[in-house]
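The block underneath contains the structure these notes are about, expressed in structure tokens.
Derivation of every value follows stated rules applied to the coordinates shown; laboratory data play no part. Bear in mind the structure is a predicted one, so any value in this text is a computation, not a measurement. When we count neighbours, we look across all protein chains shown, and the Cβ atoms used for this are built from the backbone with ideal geometry, even at glycine.
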Amino acid sequence: MTKKNHTLSTETKMAQALRYLDKETGAIVPPIQSTATYARDSNYEIKKPYWYRRDGNETTSHAEKMVAELEDATETLLFASGMSAATSVIDSLNPNAHVVIPKAMYHGVLNQFQTYETKKRLKISYYTAGNLEELSNAMQNNTSLVWVETPNNPDWAVTDISKAADIAHSKGAKLLTDCTATPPCATKALNFGADISMHSATKYLNGHSDITSGSLSIKSSDAFWEEIALNRKLQGSVLQSFDAFLLIRGMRTLFLRFEKATENAIRIAHHFEHHKLIEKVLYPGLASHPGHAIQAAQTSRLFGGMMSLITKGNKQTAIDVARYCNVFYPATSLGGVESLIEHRATVSGDDFPVHPNLLRLSIGIEDVNDLIDDLEQALERANT
Ligand SMILES: *Cc1c(COP(=O)(O)O)cnc(C)c1O
């Protein structure tokens, strides 16, 4: 029986790019708006809402509406990269603001915070990702921002978002979550109490490794959000319309891609969990992972395709596994349809706290048997 006046599900809306339909032509795909400037009307008034490309355009706005639909947000801003989204937030903090961030996290964001601290623009206290007691102890009465990456690079520690929100809010601080590894088809961070939900849309949201983009979403606007929006406009870090077009196209298949990546990842995690050449599999989808129960609730059991393998042997064994793969690409990044493998310590540098034998895997949507066979032959070769 068809229900009357039922609202369409987010899955339907994503597949249809929010039911886009050009009334004049019947076109069902949103066009790329390429103009850099917009003419005034006959009264010499600006035709709202657009006036100049640096402040946004129709294509980018359409992509923003799709992300907002996924996030259950009232507003989303898209940036030219995840890093420019993160930097806009950091830039918008008051001078000398106190922030609480994880000791290990996505290395670009960590470096950015530390650079600002070196320039005496803010003060940092650290906690171990996933450890709410340490997070609580790191809070001060004047803390302005708590940064949570969950699941957290590169060991996929899980942080309980609603508990982190309570801790942040008890001191009047904002909670920002970076749930790039579980996009909002799985984790709607704002619904768990995050004030700002950030994503590198370069990753799962776009899913085809052919743009960089970042998103920030909120439920209620305030002076801080307006500062971030102004920062984007003045820095010119808005997502450009060609890239927004690709992002729209990518998001149409987000649900399918993410479900398949999860299915593949679960198979791979189970296959290697008790493998003779593997020390440990770090994947929140495994019952043995300390964050499993929280993550099951925070993702509706869509654990995603990100995991790390700690190989037996030494650092060189791990590097050899990565370079002997023929199906996995030995490349950085994550969340694309193609699987990637990366020796993390090579990328993050010697100062970063990461196990020397850790390989980060981004599981794509290929035939899972090809992926398992590839890892098997690479492990075999690296150990002979
Ligand atoms: C990739 C990534 C970023 C940075 O995003 P870019 O689009 O590469 O600038 C931030 N956080 C996490 C968790 C990421 O994986």
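Roughly how many debye, to the nearest 20, is the charge dipole of segment 1-124 about its Cα centre, given +1 on each Lys and Arg Cβ, -1 on each Asp and Glu Cβ, and no other charges?
Values: 16 positive and 14 negative charges, 60 e Å.
Computed about the Cα centre, the dipole is about 280 debye.
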Task: Test item: Cα-centred dipole of the chain, Lys/Arg +1 and Asp/Glu -1 on Cβ, debye - done: 580
- [ ] Read phi for every residue in segment 255-261 and hand back ³J(HN,Hα) as whole Hz from Karplus 6.51 cos²θ - 1.76 cosθ + 1.60, θ = phi - 60°, with x for Gly and Pro.
- [x] 4, 4, 4, 5, 5, 5, 4
- [ ] Please name whichever of Tyr50, Ala293, Ala261 sits farthest to the positive end of the charge dipole of the chain, dipole taken about the Cα centre and charges placed at Cβ: Lys and Arg +1, Asp and Glu -1.
- [x] Tyr50
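Taking the highest mean first, how do the peptides 10-18, 214-222 order by number of other beta carbon atoms within 10 angstrom per residue? Please report the intermediate quantities before stating the final value.
On the way: 10-18: 16.6, 214-222: 19.8.
Highest-to-lowest ranking by the protection proxy: 214-222, 10-18.
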Task: Listed residue pairs exceeding 32 Å between alpha carbons, taken from Lys47/Lys174; Lys13/Lys47; Lys13/Lys203; Lys188/Lys280; Lys103/Lys219 - done: Lys47/Lys174
Task: Difference of contour (0.36 nm per residue) and Cα-Cα distance, Lys315 to His270 - done: 13.9 nm
Open item on the list: Going by amide H atoms built from the backbone, whose H comes under 5 Å of the H on Lys174, apart from near neighbours?
Closed with: Leu145, Val146
Task: Residues with amide H under 5 Å from that of Tyr127, placed H, sequence gap 5 or more - done: Ile101, Lys103
Task: Computed [θ] at 222 nm, helices only, for the chain once each DSSP H run of length n ≥ 4 contributes -39500 (n - 2.57) - done: -11000 deg cm²/dmol
- [ ] Work from the charge dipole of the chain (Cβ charges, +1 for Lys and Arg, -1 for Asp and Glu, about the Cα centre) and give the residue of Leu135, Thr159, Gly26 farthest towards its positive end.
- [x] Gly26
Task: Interchain or long-range residues, amide H under 5 Å from Lys219's placed H - done: Thr74
Task: Integer Hz, Karplus 6.51/-1.76/1.60 couplings in order for segment 274-289, x for Gly and Pro - done: 10, 7, 5, 9, 10, 6, 7, 10, 9, 8, x, x, 8, 4, 6, 6
Task: Whole-Hz ³J(HN,Hα) from phi, Karplus 6.51 cos²θ - 1.76 cosθ + 1.60, for segment 294-307, glycine and proline x - done: 5, 5, 4, 6, 6, 10, 6, 6, 9, 6, x, x, 9, 8
Open item on the list: Using the crude model of +1 on Lys and Arg Cβ and -1 on Asp and Glu Cβ, and no other charge, please compute the dipole size for segment 254-382 relative to its Cα centre, in debye to 20.
Closed with: 320
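Quick one: net charge around His199, please, counting Lys, Arg +1 and Asp, Glu -1 for every other residue with C-beta under 10 Å from its C-beta. Write down the numbers at each step before the final one.
On the way: positive: Lys203; negative: Glu71, Asp178.
That sum, taken over residues with Cβ under 10 Å, equals -1.
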